[in-house]
Amino acid sequence: MKIAMVSVGASPLTAHSDPRGLHIAELAAALARQRHSVTVYTSAHDGFPGRTTRDGYAVVHLPQDLGEFADGLVEHWQDRPHVVHARSWESGVVSGLSARRAGVPFVLAPHGDGENEPPSARRALCNAADRIIVTSARRAAELVSAGARKARVRVVPPGVNADVFQPDGPRASRARPHRVLWVGESPSGYGVERLKAVRDTEFVQENESTRRLATAERAAFIRSADVVVCAGSTAEHERTVLEAMACGVPAVVIVPGGPTDVVVHGVTGVHVSRDAHVELVRTLRALLADPSQLDLLGTSARDRACVRYSWDRIATDTAYVYEQAISAHGGLLDRVAQE
């Protein structure tokens with residue numbers, strides 16, 4: 001299958017410092033390993049060539065002006081791809097029209113930047129897509145509530161490189177006997193005085209600088225934690241939880257809103273109600289006081305990350321959505337098979 005992956009704001013060539021670029025790089029490489037022909041179209045960056053190859057897939061840099069970017073897509077698609085995969089709302093705005101002009105099936109993965117688009121524009125873009133990929137059942141429900149057609153929405157979770165994010169390896173230093181990595185909204189909202197009751201523990205909040213650590217450094221940073229608390233709801237927060245699970249670090253997920261699709265309550269982590277601040281403190285104290293329970297949850301978390309969220313599994317799931325989009329667009333699977 002010939003796949004055109006469009007990412008206006010993130011390049012796989014910046015994967016070492018940009019988690020969005022890393023996600024694209026991992027997915028493109030996994031699809032290439034499955035013998036698909038993948039080309040990633042992204043915005044031009046200083047010092048990057050117009051076209052290059054990496055890990056079995058091609059990267060094409062187009063002008064940053066969105067109009068010129070769209071024209072560049074159509075020009076490159078004279079040899080039509082079998083499917084176009086837009087990696088964000090903004091990428092969908094650019095590639096959706098180009099895909100229609102080229103007569104190519106269009107898959108939208110609306111990650112991250114949709115707040116800048118008016119609801120009517122988002123709804124129109126969803127209606128233009130042959131299939132829509134979201135990372136969780138909660139996001140699927142939100143999109144359908146906003147007007148997307150339920151029959152077109154598919155859940156494909158983020159993936160994780162379990163060879164890099166694994167329990168064995170260096171750990172970043174920490175100042176106290178225990179460390180809790182906090183992801184999402186500030187822990188101050190849960191009561192600083194209450195959290196002090198979790199003794200001998202430092203709370204470290206993930207931020208832009210920790211997200212942009214080189215991959216090996218980031219793995220060492222995550223391994224330094226005993227537990228990760230996820231009080232966020234974005235795809236970025238989901239990815240951090242997955243990386244922690246792959247490192248054997250169990251997660252405490254604040255619900256509703258947290259990645260409950262990823263963390264199985266009582267098996268790979270714990271769910272705690274958003275308003276139950278005292279319960280959160282009790283949960284953290286109990287986990288940190290029981291190393292055997294931490295190890296049990298961490299081992300199960302690692303197993304789930306490796307089996308369900310490996311990039312090869314995510315690539316297979318994504319390719320299946322592509323096939324559905326091609327079929328819905330007009331039964332072009334025979335042409336894909338012939339080529």
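Assorted remarks:
- The slack between GLU193 and ASN207, meaning 0.36 nm per residue of separation minus the straight C-alpha distance, is 2.8 nm.
- Under a model in which nothing but the beta-carbon of Lys, Arg (+1) and Asp, Glu (-1) is charged, the chain shows a dipole of about 560 debye around its Cα centre.
- Sorting GLU142, GLU238, GLU193 from the fewest to the most surrounding beta carbons within 10 angstrom yields GLU193, GLU142, GLU238.
- Contour excess over end-to-end distance, with Cα ends at ASP55 and ARG101 and 0.36 nm allotted per residue: 13.6 nm
- Principal axis dimensions, largest first and in whole angstrom, of the chain by Cα: 63, 40, 35
- Where the Cα pairs of the stretch 218-339 fall when distances are cut into 10 Å bins, in %: 13, 37, 25, 13, 9, 3, 0
- For the chain, modelled as a GNM whose springs connect Cα atoms under 10 angstrom apart, the maximal fluctuation among SER95, SER145, SER136 occurs at SER145.
- Springs between Cα atoms under 10 Å define the GNM used for the chain, and in it the highest mean-square fluctuation of GLY147, GLY269, GLY258 occurs at GLY147.
- Against the chain, whose longest principal axis comes from its Cα atoms, helix 235-246 is set at around 60 degrees.
- Least to most buried among SER327, SER11 (fewest other Cβ within 10 Å first): SER327, SER11
- A simple charge model with +1 on the Cβ of Lys and Arg, -1 on the Cβ of Asp and Glu and nothing else charged puts the dipole of the stretch 178-308 at about 100 debye relative to its Cα centre.
- Between helix 89-102 and the chain: long-axis angle, C-alpha atoms, 0 to 90°, nearest 10: 20 degrees
- Beta bridges assigned by DSSP with both partners in the chain are antiparallel in approximately 10 percent of cases.
- When the P(r) of the stretch 141-258 is calculated, the portion above 21 Å amounts to 42% of the C-alpha pairs.
- Principal-axis tilt of helix 311-330 within the chain, Cα atoms, nearest 10 degrees: 40 degrees
- Each label was represented as a point 7 Å from its Cα along the Cα-to-Cβ direction; for ALA214 and VAL255 these points are 4.0 nm apart.
Values in this text are rule-based calculations from the coordinates and carry no lab data. This structure is a prediction, so every number in the text was calculated from the model and none was measured. Cβ atoms come from the backbone with ideal geometry, glycine included; neighbour counts cover every protein chain shown.
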